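What follows is a short report on a single structure.
The values are calculated or read from the model by the stated rules, or taken from the named source; none is laboratory data. Here the structure is a predicted model, which means the values were calculated and not measured. So basically every Cβ, Gly included, is an ideal-geometry build from the backbone, and we count neighbours across all protein chains shown.
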Amino acid sequence: MRLSHFFICLLCIVLFFACKPSAKLHRPPAISGLRYINQYVLPNAVSFQGTVVGGLSGIDYDRQRDQYYLICDDPSAFSPARFYTLKIPISEKGIDSVVLTGVNTILDPAGQPYPDIRKDRIHSADLEAMRYDPSRDEMIRSSEGQRVINADTMLLQDPDIVIMDRTGKYKDRFQLPSILHIQVEEKGPRHNSVLEGLAFDENYRHVFVSVEDALYQDGPKAGTGDSTAWVRILKFDRKTKKEIAEYAYQLDPVPHPANPAGAFKINGISDILYIGENRLLVIERAWSTGRVPSDIRVYFADLSKAENVAGVASLQSTPPKAPISKKLLVNMDDLGIPIYNVEGVTFGPRLPNGNASLIFVVDDNFNKNEKSQFLLFEVK
């Protein structure tokens, strides 16, 4: 009897974990190319459950529930820091509509909404990326922090990578390496150029995090012409919440000069997506003053032969011998439509023809002259 009872219990445990939907690994589909299908544009400043919809800065797909999670980068200026859930029906013609289904306030460690950045910058949340972990039924999201230094102000707030439940309640945070701490001197992250991209590997054991722009010690920002920039992609252990590696990625030059000359221009990584075999899709998002659309390029990035640069103090002084290799997949300038501030990407459901889908989301910056676009591609 005792032996039979033991085996029955063992069988129940095995069956529980074998049948648990959230425990299934997600195998990213093989990608040889992408075919643009269509776009859907959400109107500006839509009101939903007492919030202003816009600033959509990251997107992730929950297959079990057939719904999407989108983080908003509004630092509580229009509505409390939040993320949305929505449905994206897809037919043979592409995206039919975008249906908002819910909104969740993102809470700080004390269980309170983050304050309006205009009233309390140092305790606000500049949210940029978010991914759903179905193996734990948890979210991971990033915030950029603050580095505002002028004649009468010094506001320093570290970026963070936070674990929260599916309602937006704070649970824990990752331990950041010293290079990601905001500093008074020009060392570490630049303001508004820190943690923009997040990606899980297929077994949810590791988290990749991309820095948008070059750290001060790694060299200047990308410029026009042949001026590129080194940025870092970090790899964390999901269980210990500690960094285990860093890799160097070289940004392209900014494609177009600013108008007027000397005005603001930028190129940086706006999101990453794991596609298997130690590879990522990397979105490079460039913009120059005087141009309406952004310049969006999507790359294959292969980390398999890249060296670990976690111990390298400066990528400018010691350029990597084996950086991440990259290959252009899509130049969105070729789509024939204006593309704005692409900030997120996720695999979606299977298309009616059985092929995998890829969906990009565009942040309208709460600007009436920009758009909240949803761009649908077929994976080939």
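Okay, residues lined up against (1) closer than 25 Å to residue 225 by Cα; (2) of a type outside the set (A, V, I, L, M):
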| position | (1), (2) |
| --- | --- |
| 265 | yes, yes |
| 269 | yes, no |
| 284 | yes, yes |
| 289 | yes, yes |
| 300 | yes, yes |
| 303 | no, no |
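In the range 83-123, of all residues being among the polar types (S, T, N, Q) and assigned to a loop (DSSP other than H, G, I, E, B), the one that is farthest from residue 41 (Cα to Cα) corresponds to 112.
Here residue 320 fulfils each of the conditions (1) over 17 Å from the mean Cα position of the chain (by Cα); (2) surrounded by 21 or more Cβ atoms within 10 Å (Cβ to Cβ); (3) of a type outside the set (A, V, I, L, M) apart from (2). Taken over the range 228-258, the criterion of being among the small types (Gly, Ala, Ser), free of Cβ contacts under 8 Å to residues at least 40 places away in the same chain and under 17 Å from residue 326 (Cα atoms) is satisfied by 229 alone. Scanning the range 255-287 for residues that are under 19 Å from residue 194 (Cβ atoms), among the hydrophobic types (A, V, I, L, M, F, W, C) and out of contact with any Leu (no Cβ under 8 Å at 6 or more places or on another chain) yields 264, 266, 282, 283, 286, 287. Among the residues making up the range 348-370, those that are surrounded by fewer than 20 Cβ atoms within 10 Å (Cβ to Cβ) and either part of a strand (DSSP E or B) or not small (Gly, Ala, Ser) (or both) are 349, 350, 351, 352, 353, 355, 365, 366, 367, 368, 369, 370. Filtered by the rule that a residue be part of a loop (DSSP other than H, G, I, E, B) and either at pLDDT 95 or above or under 28 Å from the mean Cα position of the chain (by Cα) (or both), the range 148-163 gives 158, 159. Considering (1) more than 25 Å from residue 48 (Cβ to Cβ); (2) surrounded by 13 or more Cβ atoms within 10 Å (Cβ to Cβ); (3) among the basic types (Lys, Arg), the lone condition that residue 93 does not fulfil carries the number (2).
Name the residue, out of 141, 205, that is out of contact with any Ser or Thr (no Cβ under 7 Å at 6 or more places or on another chain), surrounded by 14 or more Cβ atoms within 10 Å (Cβ to Cβ) and at pLDDT 95 or above.
On the way: 205 fails: surrounded by 14 or more Cβ atoms within 10 Å (Cβ to Cβ).
The match here is 141.
Sub-9 Å Cβ pairs linking a first residue in the range 45-69 that is free of Cβ contacts under 8 Å to residues at least 60 places away in the same chain to a second residue that is assigned to a strand (DSSP E or B) and among the aromatic types (Phe, Trp, Tyr), at least 6 apart or interchain, are 48/84; 51/84; 67/61, ordered by first then second residue.
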